[in-house]
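This report refers to the structure that appears directly beneath it.
The values are calculated or read from the model by the stated rules, or taken from the named source; none is laboratory data. Just so we're clear, the structure is a prediction, and the values are computed from it rather than from any experiment. Here the Cβ is made from the backbone with ideal geometry for all residues, glycine too, and neighbour counts use every protein chain on show.
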Amino acid sequence: MDPEKVPLNETHRRSLTSSLMIAEGLLIEIRDLLGKEYNTCCLEIKNDIDSTLVPLNIQIVDEALELICKLTRKYSTGKSVLHKQRVVEAKKTRIWEVLCEAKSRKMKGFGEFPKKLTKDYDEDINELMKIIESIRIT
């Protein structure tokens, strides 16, 4: 056995794999966030991080990502392989679910939806759903 490899039982390895995947994904999101402005129609993230700290923080994130790679080798954790088509389809499905919940008939838990707005509102949501559905991957 490789002296750098540490054997874990299957359940511990699966748990560590999941934890490292989540940490890796969040670190990548932090690095991306540090490297660009974020201002969309629905969300603006104000840049309140001292600009002199950004390169240092990116370096720290990269160091953490390197360690994650070392840990995956050391503990022989798994590596998921995803195909972009499936990821895009999953995201489209999630958007569809969220927008279905935003339709007027689903808003009852927030109070009665104004009847005079229902038709136009639902048409707007349906238009957005139609546009998103038109995203093609093949």
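Key figures for this structure:
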{"item": "Among the candidates Ile95, Ile45, Ile68, residue that is within 19 Å of the chain's Cα centre (by Cα), surrounded by 14 or more Cβ atoms within 10 Å (Cβ to Cβ) and within 30 Å of Ile131 (Cβ to Cβ)", "result": "Ile95"}
{"item": "Any hit, segment 35-57, residues being touching a helix residue (DSSP H, G or I) at 6+ places or on another chain (Cβ under 7 Å) and under 30 Å from Pro7 (Cα atoms)", "result": "no"}
{"item": "Pairs with Cβ under 7 Å, 6+ apart, first in segment 62-76 and more than 11 Å from Thr17 (Cα to Cα), second part of a loop (DSSP other than H, G, I, E, B)", "result": "Lys74/Glu4; Lys74/Lys5; Lys74/Val6"}
{"item": "Selected residue (only one of Lys115, Lys130 is at pLDDT below 95 and over 30 Å from Asn9 (Cβ atoms))", "result": "Lys115"}
{"item": "Residues within segment 79-135 that are more than 30 Å from Leu16 (Cα to Cα) and outside any helix (DSSP H, G or I), tallied", "result": "8"}
{"item": "Segment 49-61 - residue that is touching a residue at least 12 places away in the same chain (Cβ under 8 Å), assigned to a helix (DSSP H, G or I) and β-branched (Val, Ile, Thr) and, of those, surrounded by the fewest Cβ atoms within 10 Å (Cβ to Cβ)", "result": "Val54"}
